[in-house]
Amino acid sequence: MYIPAHFNESRLSELHAFINKYPFGAVITGASGHIEANHVPLILDPSSGPFGMLRGHIARANSLWRDVGSETEVLVLFQGPSSYVSPSLYPSKKEHGKVVPTWNYGVVHARGRLKWEHDPKWLRALVGQLTDQHEANQLEPWRVSDAPEEYVAKMLDAIVGLEISITELRGKLKLSQNRSESDREGVRRGLGHGPDANAVAMAALMSGKSNKSVG
C-alpha cells in the first residue's frame, strides 16, 4: 500500500482502535495463483503476539479452508469511512483556484499467518465473544444461550474457525492532512453537513483525528 508520510498511521494503539471500530475485514488469500477475498467479522486479541491476533470463522461449505493450508500468509483489509472531496470545500479555491478533487478514506492492512480451528469448544467460545461484542449496544442483547443447545451445536458444525497471527500492521488515514488548517476545516464542515452518511462518518473521523499527529 502506498502511504505518503502525512497519511501514515503507525501507532499500534490507533491501529488496534481502528480494527475494533471497523471489524469487518476482507481476508485476501492466494492459492495456486488464484487470488480470493472473503469478508469476515473479526475479533482482535491485542495481547497475543507483538501485533495481536485476529479470530473469526467462515462457513464449512466455503472451500477456502481446504484450498488454503495453515501457516499460509494472508492479508486482511479493514476499511473505515470514505468520501469524495470536492474542490469547492476548500476556502483556498477562492484565493488561487489551485485545487483538484480527491478522496478521503481510512484503511488498515494486517498481514499474518493463518490457522484453521475445528474444535467445537473453541468455536463456541468464539461465537459467544462475537455475539457479546456486537450485541452490547442492543436494548435486549441476544446471547448464544438463548438458542436451543442442539440448534447451536448444529450451527457450530457448519463453520470453521480461523486465527491470524498478525506479523505486520499498516494504516493509512487520508484526512486532508496535506491541506492547510482552513482547508481541512472546510472539508470537515462540508462533509459533516451533507446528506451522505459516508461523508458524515468521514467528517467525524477527521474531527477525531484533527488534533492528533500521524506517523
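Only one of the numbered conditions (1) of a type in the set (Gly, Ala, Ser); (2) touching a residue at least 12 places away in the same chain (Cβ under 8 Å); (3) open to solvent by less than 70 Å² (accessible area, probe 1.4 Å) is not met by ALA17, and that is (2).
Counting only residues that are more than 13 Å from the chain's Cα centre (by Cα) and surrounded by 11 or more Cβ atoms within 10 Å (Cβ to Cβ), which one in the stretch 5-14 is farthest from GLY112 (Cα to Cα)?
HIS6
So in the stretch 20-51, with the set limited to residues that are open to solvent by 80 Å² or more (accessible area, probe 1.4 Å) and in a strand (DSSP E or B), which one is nearest to GLY106 (Cα to Cα)? So the residue we want is PHE24. Helices (runs of 4 or more DSSP H) fully within the stretch 97-200 that include at least 3 residues being over 24 Å from GLY25 (Cα atoms): 149-156, 181-192. Tally the residues that are touching a helix residue (DSSP H, G or I) at 6+ places or on another chain (Cβ under 7 Å) and either within 14 Å of LEU173 (Cα to Cα) or of a type in the set (Gly, Ala, Ser) (or both), restricting the search to the stretch 67-104. Looking only at that region, the number is 7. Of all the criteria given as (1) closer than 21 Å to ILE19 by Cβ; (2) in a helix (DSSP H, G or I); (3) of a type in the set (A, V, I, L, M), the one not satisfied by VAL74 is (2). Contact annotation: residue pairs with Cβ atoms under 9 Å, 6 or more positions apart or on different chains, pairing a residue in the stretch 116-130 that is without any contact (Cβ under 8 Å) to a residue 24 or more places away in the chain and surrounded by fewer than 17 Cβ atoms within 10 Å (Cβ to Cβ) with a partner that is assigned to a helix (DSSP H, G or I) and of a type outside the set (A, V, I, L, M, F, W, C), are GLY128/SER145. Quick one: SER210 ticks every box in (1) of a type in the set (Ser, Thr, Tyr); (2) touching a helix residue (DSSP H, G or I) at 6+ places or on another chain (Cβ under 9 Å); (3) at pLDDT 95 or above bar one, so which box is it? Of the numbered conditions (1) of a type in the set (Ser, Thr, Tyr); (2) touching a helix residue (DSSP H, G or I) at 6+ places or on another chain (Cβ under 9 Å); (3) at pLDDT 95 or above, the odd one out for SER210 is (3). Residues that are buried (at least 18 other Cβ atoms within 10 Å of the Cβ) and among the β-branched types (Val, Ile, Thr) within the stretch 180-201 comprise just one, VAL187.
The values are calculated or read from the model by the stated rules, or taken from the named source; none is laboratory data. Computed from a predicted structure; not experimentally measured. With ideal geometry, Cβ positions are generated from the backbone for all residues, glycine too; neighbour counts draw on all protein chains shown. Each accessible area value is taken on the protein alone, full model and side chains, heavy atoms only, with ligands, DNA and RNA left out. Shrake-Rupley method; radii C 1.70, N 1.55, O 1.52, S 1.80 Å.
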